[in-house]
Each structure stands twice: as structure tokens, then as C-alpha cells.
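The values are calculated or read from the model by the stated rules, or taken from the named source; none is laboratory data. From a predicted model like this one, the values you see are computed outputs, not experimental measurements. Glycine gets a Cβ as well: all are built from the backbone with ideal geometry, and neighbour counts include every protein chain shown. The protein model used for the area step is the full one, side chains on, heavy atoms only, and it has no ligands, DNA or RNA in it. Shrake-Rupley method; radii C 1.70, N 1.55, O 1.52, S 1.80 Å.
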Amino acid sequence: MEYYGEIACQGLAMGKIAVLQKQENFINKQKTTDVNTEIIRLQNALEKSKKELIELTKRAKNTIGDTSASIFEAHQMILEDEEFVAAIYDRISSKMTTAEYAVFQMGEEIYHKFLSMDDSYFQARAEDVKDVVYRLLQNLKMKPIKSPLYEELVILVAEELTPSEMMQIDQKNILAFVIRKGDINSHTAILARMMNLPALVNVPFHYSEISTGMSAIVDAVQGKVIFEPSKEMCIEMESKIHKQTIKQQELHDLKGKKTVTKTGRKIAIYANISSEDEVAAALENDAEGIGLFRSEFLYMGRMSFPTEEEQFQVYKNILQQMGEKQVTIRTLDIGSDKKEEYFELKDEENPALGCRGIRFCLEKPEIFKIQLRALLRASVYGNLEILYPMITAEEEIDEIHKILEEVVCELKEEAIPYKIPKQGVMIETPAAVIISDILANKVDFFSIGTNDLTQYTLAVDRQNSKYTSRYNGYHPAILRMIRHVVKEAHKKGKPVGICGDLAGDIELTEQFLNIGIDVLSVVPSMVLKLRKRVRDMA
């Protein structure tokens, strides 16, 4: 029996499976005549859940590291969110429902809201809501979450696996994860990567065909699991696992080494991240810096804009974790598929060509100034660069600089420590490519976003599965544009990086070096692989 899924963490494994069964959390609609009792029950469950999450945070910090612990700190924040909790209290009081049903309803509402978003990152955050709600419901039912115990090495097979469940499992006895549902951007997938355990999600296996104790092969390189493999398959997998062990050791030995070809050509390999959770992965893979932190994720899954202090703390923490290494933070890039109701964006026929990226920030300078204040304040604590998205005209940069000057004046007047970081722009439209010589006079660096550049150049919606074959990053027009941008930027002594998907394409690495790209910024798991590719080149 062979099934394919999505690779959450690459690797190979072979052994017996353990099937994790999970109780459904559906709550039938229940009325109450004693609202006060239900409110007290909810208060007790909230307090118990918070205490459990504090302990889970400590466990994560001790076993995997500080960054993994932030996942559970985020869960605590959900429980402490005044609007979230107030909405549950309101359902109990106004609709006379039990605490369980109020929690269940609120959880379902937020869960499906996340799932309905176009961006896979936000769809994956639905898992965190489900995790928190499950914990609350178990404590309301007075049934504490029990962690399964495995006395031998197993491949864990489950319908779903929350971050809490993963953290409570003794990872020393886990060979790999095979999950029927899930997402590669989920916190469960992130934890699997931090544990460095092979993991597949969205694997459409049938429970009727598997049981604990069966043998299995997990090939999280080709993206498949084989239940009850033949003797020949097992022998072949043993050989692959041996070779993989040797390759992993070779990559591990590259930590601390320079990314330089045999003839001395250099290029920097940075990491792309979307949250504080991923800093650990960047450091673990020895990234030379953060080439792209997508700050818009601080704004999603909320009911209001994050405060200056909230943003400042996140930026500061990332900078402090990265030490002297460069951290490039992209300012709010919303619109198109990334938006929340509180943004109050009007419906547009073609949102990809409407109010998105820097256009939103310049139309809402009061929101933009809050982020800039937080960035300048955080810049004191590390090596920060600010990156502005969707630039199409030099006048936009002039407007940015004007707002930045206002922010500097405010911070000076308030005697708040700050530092002005280097400023860069995303090159992700044909317009930006064509005027790159002009833009280079106004900024300190360029970062090429090949995903949008390909979309806008080829006039192909990159999220339209019908035209996937026409969305071609290898198109001569894209590669010529990259070459032109590098040429114009280098004339002015300005570095150029690539932070889009093409940066991690090993088939293009040598061509990018020949073009003169200074930085390739990729997902953390690609850093050492790219370093090896570069060091193997003449």
C-alpha cells in the first residue's frame, strides 16, 4: 500500500507504525439555566489551560529551544486575547449556552476563517486555534490531555497532530510522522523540522488498511509512505538511509564554512522566515542572515492592527537572536490574497493590481508610521535592513523617505533610542526592473521577488492552477530582467539579492553567480544544500 503526501520535513525512515487515535471534539448544542456556573467553569478551564501551556513552553524550551517555545507562548496569547475570551463569555450570557458549546462555536468560527484564506500560511494557523480549543474543551470536561507512550522506535501515524501533542510525545522514540491532514506551513510541520524528523502531511491513507505494529517505509524525499513493504523494498531503503546519513553528515560539516566556490567567488546564503518561530531553523541551518522576514504575518489572524510595542518586541527578539547577522524585514505587504476585515480594503476586480504592498502603506501613513517607529527602535539591537514591497516609481521612495523623516523627528523629540537602518526595495514588477538604474540612486540595496516578477511579467496568476505550466520562472524574460537589475545596481555599488522561489533552485545557482547576484535568500532547510552546491563549483 503506497500513498503520496506533502513533505513537511525531508528524510527517510523505516520501522513499525503506531496509529494515534484521537477523540472527536464535536459538541452538541447545549442550553443552560445557570449562566454564572458556566462562566466560573470557563474561568477555571482558562486558568488550568494557561498553566499547562506554561509547562509546555518550558518543556519545548528545554528540549528543542527558545524558538519552539514561542509556539506555545502564542497559544497562551490566544487564551489571553480579551476579544476572544469576551466573545465566549458573551455567547454564554446572551445565548444561554454551556461553556463547552460557546468555546466550540467560537473555535469553529475562527478555525474556518483561517481555512478560508487564500494564503497557505494562514490556513496553517487554523491548527493553532484547534489546538487551544481542544485544550480548553478537555479541561472543561475535566479530562486532561494524555500523551501517548512508546517503548520502542515507531513511525507515528495520525489523522491530525497538534503542536501540543507533538511536544508531549517523547521524540527519542519517534522515527517519522505520517499525518493524514495538515499543512507544510503549520506549527506541527515546523516542530518536525526542528526535531529533524521525516514528516509527511496530507497523506490520504485509509484507516481500515493499517494498524499499529505494521511495518512501513517513509520516503520524505519523494513524498511517499509504503505500508507493509516487500523484503526487496526494505533492503533498498536500508541502503538509501545509509547514504542519507553520510550526506547529512557532509551538510552538517559545512556549518561555519564560507559559501565560496573553489576559485574564490563568494555569495551569501540567507534565510526567509515568516515568524519568530522560524529563527531557530535559520540558525540551526547556519544561515548567514535573514534575507526576508515577512512582517505582514504579525497583522494576520487578528481583529486590530498590532501596536508599536507588539511589533517592537518581535523585531527586537529576532535581531537579538541573530546577533551580528543581517536581518532584512519587509514592511507590511498586504492586499491581494493577504487581508483581514479590519484593514477595511474595498473589493477590487483585480486585487493583485490594486491596493497592495507599499500602496496600502502610503494610503494609510498612520499605520505605516507605527511600523517604522517600531523598526527604527528595534534597529538599536542588531543589524537591521528595511525592505519596501511593490515599488513601481521613484516618487514612492520619496514619499517613504518623507514619512521616515517625520518618524525620526518624533523619536528625537520623545528621546527614544533609535537607529536608521539601510533601506532597500523589492524588484517584483517590470516597471521596477526598467527603472532600476533610477531606483538604485535612492536606496541601499535591491531584493528581487521572483514569484511576483514572474506573475506580472508573464501575465499569469501564480495561484491559478489551470495555468501552472505557463508560470515559468525559467522564462528567458525573467532571467534577462535579473541580469539587467544586477548590472544597473552594481554600477551604483548597490548589492542585489533574490528572495523568491528561484533563489532555492539549485539548477540556477551557477547562473546566478555568473550574473553577479550577491545574496540568495531561501527557506532554512535549503541553506546548507545551496552552500554545498556553491562550494562544489569551480
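Of all residue pairs spaced 6 or more apart or on separate chains, those with beta-carbon atoms under 6 Å, a first member in region 1-12 that is under 17 Å from residue 251 (Cβ atoms) and a second member that is of a type in the set (Val, Ile, Thr) are 10/221; 12/241. Condition test on residue 259, is it out of contact with any Ser or Thr (no Cβ under 9 Å at 6 or more places or on another chain), among the hydroxyl-bearing types (Ser, Thr, Tyr) and surrounded by 19 or more Cβ atoms within 10 Å (Cβ to Cβ)? In short, yes.
Counting just the residues of region 86-107 that are aliphatic (A, V, I, L, M) and touching a helix residue (DSSP H, G or I) at 6+ places or on another chain (Cβ under 7 Å), which one comes out farthest from residue 37 (Cα to Cα)? Per the stated criteria, the residue is 106.
Taken over region 146-178, the residue count meeting the criterion of being without any contact (Cβ under 8 Å) to a residue 60 or more places away in the chain and of a type outside the set (Asp, Glu) is 9. Could you grab me the full set of residues in region 337-359 that are assigned to a helix (DSSP H, G or I) and either closer than 20 Å to residue 461 by Cβ or modelled with pLDDT of 90 or more (or both)? Once the filter is applied, which keeps residues that are assigned to a helix (DSSP H, G or I) and either closer than 20 Å to residue 461 by Cβ or modelled with pLDDT of 90 or more (or both), region 337-359 yields 351, 352, 353, 359.
Of the residues contained in region 290-313, none is found to be open to solvent by 20 Å² or more (accessible area, probe 1.4 Å), part of a helix (DSSP H, G or I) and basic (Lys, Arg).
Is region 84-104 home to any residue that is modelled with pLDDT under 90, more than 22 Å from residue 197 (Cα to Cα) and within 25 Å of the chain's Cα centre (by Cα)? Scanning region 84-104, I find at least one residue that is modelled with pLDDT under 90, more than 22 Å from residue 197 (Cα to Cα) and within 25 Å of the chain's Cα centre (by Cα), so the answer is yes.
Per-residue answers, yes or no, for (1) at pLDDT 85 or above; (2) assigned to a helix (DSSP H, G or I):
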{"residue": "176", "(1), (2)": "yes, no"}
{"residue": "191", "(1), (2)": "no, yes"}
{"residue": "194", "(1), (2)": "no, yes"}
{"residue": "208", "(1), (2)": "yes, yes"}
{"residue": "235", "(1), (2)": "yes, yes"}
{"residue": "238", "(1), (2)": "yes, yes"}
{"residue": "254", "(1), (2)": "yes, no"}
{"residue": "279", "(1), (2)": "yes, yes"}
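Summed over region 353-403, the residues that are open to solvent by 20 Å² or more (accessible area, probe 1.4 Å) and touching a residue at least 60 places away in the same chain (Cβ under 8 Å) give a count of 6. Condition check for residue 171 on (1) surrounded by fewer than 24 Cβ atoms within 10 Å (Cβ to Cβ); (2) modelled with pLDDT of 80 or more: one failure, at (2).
The set of residues from region 505-525 being open to solvent by less than 10 Å² (accessible area, probe 1.4 Å) and within 16 Å of residue 447 (Cβ to Cβ) comprises 512, 517, 520, 521, 522.
Residue 494 meets the stated requirement of being in contact with a strand residue (DSSP E or B) (Cβ under 9 Å, 6 or more places away or on another chain), among the basic types (Lys, Arg) and either open to solvent by 10 Å² or more (accessible area, probe 1.4 Å) or touching a residue at least 40 places away in the same chain (Cβ under 8 Å) (or both).
Go through region 404-434 and give me each residue that's in a loop (DSSP other than H, G, I, E, B) and either buried (at least 16 other Cβ atoms within 10 Å of the Cβ) or touching a residue at least 60 places away in the same chain (Cβ under 8 Å) (or both). Of everything in region 404-434, those that are in a loop (DSSP other than H, G, I, E, B) and either buried (at least 16 other Cβ atoms within 10 Å of the Cβ) or touching a residue at least 60 places away in the same chain (Cβ under 8 Å) (or both) turn out to be 418, 421, 428, 429.
Annotation: of all residues in region 263-289 being out of contact with any helix residue (DSSP H, G or I) (no Cβ under 9 Å at 6 or more places or on another chain) and in contact (Cβ under 8 Å) with a residue 24 or more places away in the chain, the one that is surrounded by the most Cβ atoms within 10 Å (Cβ to Cβ) is 268.
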